[in-house]
Each structure stands twice: as C-alpha cells, then as structure tokens.
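Asker: Got a structure here, written out as structure tokens. Questions coming.
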Amino acid sequence: MTAGGATAAGPDRPAAGPRGEDPGSSAAAAAAPPPALRLAGISKNFGGVDALVDVDFEVSPGEIHCLAGENGSGKSTLIKIVSGVYQPNPGGVIEFGGQRYEGLTPGMARRLGVQVIWQDLSLFPHLGVAENIAFEQNLGLLPRPSRRSAMRRTAREMLGRLGFELDLDQPVRTLSIANRQVVAICRALVAEASIVFMDEPTASLTQSETGSLLEVVRRLSAAGIAVVFVSHRLVELIEIAKRITVLRDSRRVGVFEAGTITHHRLAELMTGRAIDTTVHARDRSGEDAVLEVRGLRREGEYEDISCAVHRGEILGMTGLLGAGRTELALTLFGMTRPDAGEVRLDGARLALRSNRDAIDAGIAYVSEDRLTLGLVQAQSIADNVVVTVLERLRRLRWFIDSDAKARAVGDWVRHLAIRVGTPEDPVTTLSGGNQQRVVLAKWLATTPRVLILDSPTVGVDVGARAAIFEIVRDLAERGMAILLISDEVPEVYHNADRILHMRGGRIAGEYRPDETSLDTLEEVIYD
C-alpha cells in the first residue's frame, strides 16, 4: 500500500527509494547522500478543507523529479510549504540535506537553496534582462546606486551556464515566453539554488521551445541542482523525469519510476479513472461546407490556404512553431485582413473588417492565451460568461436585465458543468479547466455557426482536458463546425475528424486519424 491507502498495481510499480535501491539495503543507504529534500507526514488544512493529508515526498541532489496531479490535488500547497509560504499542520517532518527544520519562512527557504519558478514567472516586465537576473544580489542590502557592470557580468555568466545569449538591456516584457523562462532560471542560479521547483514551465510553450527548456533542465540536473517539475503534459513528465510522485485528492498515490509507466497509466493514477483514448474520427465530407477558405494569403504569415470545415465536423490543424496556424485563425476571426483569397460562410463571401463582423456572421474564437485574451480577470464569473451578449440582456436603454443575466449564466454553468462557488465569485478563483469552460460559455452564448479553438487546453489538467473535449464533440454532434488548432499532435489525433498539417505557412498534408497511426503523423510533423 502506498501513502494515502492507494495500491500501485501493474508494471508501474512505486520506486523503492530515492535512487531505486532496496530500502532495506544498509550498504546502499550508507553510500547514498541524504536527500536534498525530504517531507514526511505533511498535512495542511484550510478551515475544514484538507489540502494535503499525510504526504511523503523526497528528491535527491541533481534529480529531476516530477510532481503530477490534477488541479486541486495539493501540488501548489506542497510547494508553498517547502518555500515557507504556508506552515504545515503539527507532526510533519521537513528535512534539507538530512537536517530537520521547523517554522520555515520564505527567507529561510531561500537561504536553504529553494527557488520556485511559478507559472507567471514573477519577473519585472519593464526592467531589462540583466536587472531581472541579478535582482537576488540586491535583496536585503541598504539602498545604493545599482552597479550595472556587475549586474551585466552576473547575467552574462548565468546565461552562459545555460548556453544562451540574450540582449542584456532588452525589457523582459518584449521577450518570448521561452526566453522569459530562461531569465527566471538564471535568476534562480544567482540565488545559488539547490532545489528548483518549476510550476507548469511549458504550459505556454510550443513543442520546439519545450525541447529547449527540457535541455536547460537537464543542465541544471547535471550541475547537481534538484529540479521538481510540475506539468500537465504527461508525455514530457515521463521524458524528463527519473521519478514521478502522483497526488490525488490531497493524498499521495505513490512514487513511480518514469521508465516503467505510460502516460495513459499516469493519467489514470492522477484522476482515479480510465481516460478515453479512442479515435473519434467520423466522415463528414457529405455534409455541407459551413466555412470555406479559398487561396488565402497574407504576406509573411501564410500562403495559398484552401480548405473547408463541414457541418458537424471537427477539423484539426497542427504543425510546428511558425507554421502560421494562429495567424490564419486571426484572419478567420476578422482580426487581420488577407492580402489575397476569400472566406465563405454557408457559400456566401465574407468581408471581415473586424472581430465584430466575424461574431455577427456566426464565428467564435477561443484564443490560445486564456488569461490575457480570453477572460476579464478583474470581473466575476457571471460577467465573463455574458460579456459577448450584453446587447441581448439590455432592459430599457442603459440597464442590464439582472434576471435575464442570472438565467443565462445559470444555464451555461449547468450545461458546461462549470464548478463555481457562486457566479459572482472572481473568475480568478477557478481552476484552469473551469476558466476554459467559462471562455467556451462566453462564445457559445453567441450561438456561433463556426467555433475556432486555438490550443484550448493550455494549462489544463488531464481530467479537465477530457471533459472539455467531450463538450467539443457534443457541439459537433449538434451540427457546429469546429476548427481545432493545437501543436499537441495526440490532442488533434484523438479528437478531430480530419487533420491538416501546416508547415511554413502552407498546408503540407491532410490526414484522417482512422486511416493513419499517431506515430506516422508525429513522424511527418516533427521530421
């Protein structure tokens, strides 16, 4: 039995110890250094809610250890306990390098070598690369003029350790997400990190950028720095980790050797249920074309794009970084104009001058950037759900019919099974999966003919992903035409009826999942 009472069955057996030794072997125990971090019996309650229950966790020096679990499983709570933000319930054990500590504070944790790179990175967007990297050098010091030469020297040294070159004066806000990750990692190195927690570091990265980041993580490991890697992308967990600790419902399910477990089994351990990996492709070629694109071109973005999405069809679109997928989606939603070609809806030519024209025509667009473009974070769940249909809810001239609004919000919360406290709660209180359902509700409220989904599961855990695609397939069954864009090939393979491969701004091939294997498709795309 593993901690928490769950049994780990099958070939994915729990790891015996920090290096896979028999824990009963005294010789192995004597030879192995103490864990960089060891937690035993850690629990945490918030009011009457259990956030962690009797959780054990350990990571060895230089080990890449992955922490897996759905949103709400306790991952963030565990990280905040290790970093001194939260205090655990009495009775738990926290050890660094074999020495026990109690009453950790953020300052103590930082001095012990703990660094956390959160998903938002917590950088200073208006400061330059060097200033962000060398920031830790100035903590706790008396005010004094900044020593730019020393900061630049430090920044250049840290970037060199990771094999990167960046403009040291470039404001961080202008960097790509991938390069911001590099800056955040360099800042951790300046702080002499011995344990780095990385929270969803690849959530907003392309496959190519993810590969570069994983190589950086391996360099940290080779330098003796322990890395605890948190991600919803299960395939990359198995690729990068030595061991994986799985949390579910605030308890530890077990610790598993990454080389002995599949991502399907890992998903089952995280959710407690089997995950549907069926190929759902159907032939919709006999249905009327709802959205047609003929010879569409936009200089520097895409070239000679011709395709159609039929009634009730999910058309997948995938490809590597720079393929032009999102750029095409922005044109279809009226955000940019093509240089040549035409777009037709139900056979009639469209002249889209703005996104309002697209919405009025019956086209909805779920952006890949949920936090910035999909939600109004300062507003409530209810306000986000109805923001696209306020005109329909007007009473008299300036007032919103509160009863009509409440009915509309209630209907969508029930229909999409959005888990909320109350609809008036801030949208930021929701998990990633429930936030994405709010974005879907916002656009479905416009009753679109065509729904464009651009990377709809970024930052969403495996259970919520499955639920979102159940909703998407149900929409298609009801006759909606759906364009599903993603750089995660398995996502389009398992959920689309047809798949278009974009490369260099052009359509390089068309595939049917029921006639092509996933391995073949990935080989073509990543070649």
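Asker: Sort out which residues of region 352-366 are over 13 Å from THR388 (Cβ atoms) and either among the hydrophobic types (A, V, I, L, M, F, W, C) or not assigned by TED's automatic domain parsing to the domain that holds THR336 (or both), and write them in order of number.
Answerer: Those that are over 13 Å from THR388 (Cβ atoms) and either among the hydrophobic types (A, V, I, L, M, F, W, C) or not assigned by TED's automatic domain parsing to the domain that holds THR336 (or both): LEU352, ALA361.
Asker: May I pose another question? Take the conditions under 18 Å from VAL196 (Cα atoms), of a type in the set (D, E, K, R) and crowded, with 18+ Cβ neighbours inside 10 Å and apply them to LYS75. Does it pass?
Answerer: yes
Asker: (1) part of a helix (DSSP H, G or I); (2) at pLDDT below 85: which one isn't true of LEU159, the others all being true?
Answerer: (2)
Asker: Residues that are under 21 Å from LEU330 (Cα atoms), open to solvent by 30 Å² or more (accessible area, probe 1.4 Å) and assigned to a loop (DSSP other than H, G, I, E, B): does region 505-515 have at least one?
Answerer: no
Asker: Considering only residues that are under 28 Å from the mean Cα position of the chain (by Cα) and open to solvent by less than 40 Å² (accessible area, probe 1.4 Å), which ones fall in region 398-421?
Answerer: Within region 398-421, VAL409, GLY410, VAL413, LEU416, ILE418 meet the criteria.
Asker: Also, I was wondering about something else. Take the residues of region 422-453 that are open to solvent by less than 30 Å² (accessible area, probe 1.4 Å) and among the polar types (S, T, N, Q): which is modelled with the highest pLDDT?
Answerer: Going through the qualifying residues, I end up with THR446.
Asker: Go through the residues of region 53-65 one by one and say whether even a single one is at pLDDT below 95 and of a type outside the set (A, V, I, L, M).
Answerer: No.
Asker: Here is a follow-up. Out of ALA464, ALA476, ALA496, ALA481, report the one residue that is farther than 17 Å from CYS307 by Cβ and of a type in the set (A, V, I, L, M, F, W, C).
Answerer: Matching residue, one of ALA464, ALA476, ALA496, ALA481: ALA464.
Asker: Any chance region 200-216 includes a residue that's crowded, with 23+ Cβ neighbours inside 10 Å, in a helix (DSSP H, G or I) and of a type in the set (A, V, I, L, M, F, W, C)?
Answerer: no
Here is a yes/no grid of residues against (1) closer than 24 Å to ALA178 by Cβ; (2) open to solvent by less than 50 Å² (accessible area, probe 1.4 Å); (3) polar (S, T, N, Q):
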| site | (1), (2), (3) |
| --- | --- |
| GLU95 | no, yes, no |
| GLY98 | no, yes, no |
| TYR101 | no, no, no |
| LEU104 | no, yes, no |
| ARG111 | no, no, no |
| GLN115 | yes, yes, yes |
| ASP120 | yes, no, no |
| HIS126 | yes, no, no |
| VAL129 | yes, yes, no |
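Asker: Right, next: Only residues in region 263-277 that are outside any helix (DSSP H, G or I) count as the first member; pair them with residues that are surrounded by 12 or more Cβ atoms within 10 Å (Cβ to Cβ) and among the acidic types (Asp, Glu), Cβ under 7 angstrom, at least 6 apart or cross-chain, and list the lot.
Answerer: Filtered contacts from region 263-277: ALA274/GLU268; ILE275/GLU268.
Asker: Scan LEU483, LEU453 and give me the residue that is over 16 Å from the mean Cα position of the chain (by Cα), within 15 Å of ALA329 (Cα to Cα) and in a strand (DSSP E or B).
Answerer: Checking each option against the conditions leaves just LEU483.
Asker: Kindly provide the set of residues from region 283-305 that are part of a strand (DSSP E or B) and open to solvent by 70 Å² or more (accessible area, probe 1.4 Å), ordered by number.
Answerer: ARG294, ASP304 - these are the residues of region 283-305 that are part of a strand (DSSP E or B) and open to solvent by 70 Å² or more (accessible area, probe 1.4 Å).
Asker: On the basis of being of a type in the set (Asp, Glu) and not assigned by TED's automatic domain parsing to the domain that holds VAL524, does ASP425 make the cut?
Answerer: Yes.
Asker: Return yes when ALA184 is more than 12 Å from VAL129 (Cβ to Cβ), open to solvent by less than 10 Å² (accessible area, probe 1.4 Å) and among the small types (Gly, Ala, Ser) and no when it is not.
Answerer: Criteria not met by ALA184.
Asker: Checking the condition touching a residue at least 60 places away in the same chain (Cβ under 8 Å), within 30 Å of LEU205 (Cβ to Cβ) and not in a helix (DSSP H, G or I), which residue from VAL438, VAL458 passes?
Answerer: Result of the check over VAL438, VAL458: VAL458.
Asker: Restricting attention to region 198-217, which residues are in contact with a Leu (Cβ under 8 Å, 6 or more places away or on another chain) and not polar (S, T, N, Q)?
Answerer: PRO201, LEU205, GLU209, LEU213, VAL216
Asker: Do you know which of the residues in region 461-486 that are in contact (Cβ under 8 Å) with a residue 60 or more places away in the chain, farther than 26 Å from THR428 by Cβ and of a type in the set (D, E, K, R) is surrounded by the fewest Cβ atoms within 10 Å (Cβ to Cβ)?
Answerer: ARG478
Asker: Give LEU315, LEU393 a once-over and let me know the one that is in the same structural domain as ILE499 (by TED's automatic domain parsing), in contact with a strand residue (DSSP E or B) (Cβ under 6 Å, 6 or more places away or on another chain) and open to solvent by less than 50 Å² (accessible area, probe 1.4 Å).
Answerer: The conditions single out LEU315.
Asker: Let me ask another. Restricting attention to region 231-260, report how many residues are hydrophobic (A, V, I, L, M, F, W, C), open to solvent by 10 Å² or more (accessible area, probe 1.4 Å) and not in a helix (DSSP H, G or I).
Answerer: 2
Asker: Only residues that are hydrophobic (A, V, I, L, M, F, W, C), in contact with a helix residue (DSSP H, G or I) (Cβ under 8 Å, 6 or more places away or on another chain) and farther than 19 Å from ALA289 by Cβ: list them for region 467-492, please.
Answerer: ALA467, ILE468, PHE469, ILE471, VAL472, VAL489 - these are the residues of region 467-492 that are hydrophobic (A, V, I, L, M, F, W, C), in contact with a helix residue (DSSP H, G or I) (Cβ under 8 Å, 6 or more places away or on another chain) and farther than 19 Å from ALA289 by Cβ.
Asker: If you take the residues of region 185-219 that are at pLDDT 95 or above and among the aliphatic types (A, V, I, L, M), which of them is farthest from the chain's Cα centre (by Cα)?
Answerer: Among those residues, the one meeting the criterion is ILE195.
Asker: One residue is enough: does region 85-96 have a residue meeting the conditions at pLDDT below 90, closer than 25 Å to SER231 by Cβ and in contact with a strand residue (DSSP E or B) (Cβ under 9 Å, 6 or more places away or on another chain)?
Answerer: no
The values are calculated or read from the model by the stated rules, or taken from the named source; none is laboratory data. All figures in this text were calculated on a predicted structure; none of them were measured in a lab. Please note: Cβ atoms are built from the backbone with ideal geometry, for glycine as well, and neighbour counts cover all protein chains shown. Surface accessibility is based on the protein's heavy atoms, side chains included, excluding ligands, DNA and RNA. Shrake-Rupley method; radii C 1.70, N 1.55, O 1.52, S 1.80 Å.
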